[in-house]
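Only the coordinates and a few stated rules stand behind these numbers; no lab work does. Nothing here was measured: the structure is a model prediction, and the numbers come from that model. Cβ sites come from the backbone with ideal geometry, for glycine too, and all protein chains shown count toward neighbours.
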Amino acid sequence: MSLKIKSFESVVKKYKTIFFDAYGVLKNHKGLIPGINQTFQFLAENNIDYFILTNDASRSPSELADYYQKAGLHEVTEFKLISSGMLAREYLRLKVKSGTIAYLGTDKSAHYIEALGLKTISIQKLDLSKIDDITAVVFLDDEGFDWNHDINKVLNLLRRRTIPAIVCNTDKSYPVSKEEVAIAIGGISKMVEEIVDKKFIRFGKPDAQMFVYAYEHALNNGQLVDKGDILMVGDTLATDILGGNKFGLDTALVLTGNTLPDRASFYIQATGIIPNYVCESAVIQ
């Protein structure tokens, strides 16, 4: 199977609204992908709306927006960001109204829980002899804890307590260099889920909730769009492209993140997850 690489400009101008993945599309381990600011200038000049759909629950939307603005993308506001953490927060608001929420992640990532006024405790600080008040476990980020000791602690907490486990990032890995990836919290949660033999509640791409939320957000922004007017741009077949395809959106795979250019054709053929377009990057020259 040979890939037909399209220029991103020729693709994006066909749509009224663009849904961007963040990591691997707009930024990488070094910062913003060089030239990506030109893409946002093009969108503004052509009156094309956009939103950033991220499985990153490590920081609040305001902190994520602050990152982009400090990096030079001043047009990226909190309103333009839709994170899996926002969806998990909504679940917690409706379903978990008391007790203490134990979380795996950094103190910053706990913002999504604490914003609801719920009591929280880091898994790192949890005493397994005092867990009667724990009413849920939330997987937020792959940092902020001791991998060996604290992952074992989560296992034993879930063995002892019948409580919901909520995963705020479905990504199994993320790129840390051009050729290497690191395990993400979605990968950690998958391992724990299999060991404890329980079903976890997951928020993020490719699940439909993320796309429903983003679509409603686009409509609330005053844009008269249907699904055919929206393009989902991502670097990962199993989350960005699969999720967009399932929701009925056109999709564009970019080769600046998880999907290596020399393996893209193989992965598409092996998985059967087929994007409408393949582009080298989301940069418009």
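Here is how the numbers come out for the structure above:
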read-out	value
Gained length - Ile5 relative to Lys246, 0.36 nm times residue gap less alpha-carbon distance	84.5 nm
C-alpha center-to-center spacing [the stretch 20-85, the stretch 198-247] in angstrom	16
Cα-derived Rg to Rh of the stretch 24-128, Kirkwood definition	1.07
Overall dimensions of the chain by Cα: Rg and Dmax, Å	19.1, 60
Pairwise Lys count, the stretch 118-191 - Cα closer than 18 Å, eight or more residues apart or different chains	5
Normalised per residue, the volume of the convex hull around the Cα set of the stretch 231-285 (Å³)	66
Cβ-placed point charges (K, R +1; D, E -1), dipole of the stretch 63-159 about Cα centre in debye, nearest 20	380
Between 0 and 90°, nearest 10: helix 185-196 axis offset from the chain longest Cα axis	40
Radius of gyration and maximum dimension Dmax of the stretch 175-285, Cα, Å	15.7, 49
Distance cut-off 21 Å, percentage of C-alpha pairs in the stretch 1-77 lying past it	30
Computed over the chain: relative contact order in percent, which uses C-alpha pairs under 8 Å that are six or more apart	24
Approximate shape of the stretch 121-183 as ellipsoid semi-axes (Cα gyration tensor, √5λ), whole Å, largest first	26, 13, 9
More than 25 angstrom apart: percent of Cα pairs within the stretch 63-185	29
Contour excess over end-to-end distance, with Cα ends at Lys198 and His74 and 0.36 nm allotted per residue	40.3 nm
Charge dipole (debye, nearest 20) of the stretch 147-285; +1 at Cβ of Lys and Arg, -1 at Cβ of Asp and Glu	780
Positive minus negative residues near Ser58 (Lys, Arg vs Asp, Glu; Cβ under 10 Å)	-3
Filtered GluC sites (Glu not before Pro), the stretch 134-228: DSSP coil and at most 16 other beta carbons within 10 Å	Glu143, Glu179, Glu180
The chain: calculated mean residue ellipticity at 222 nm from DSSP helix runs of at least 4, using -39500 (n - 2.57)	-9500 deg cm²/dmol
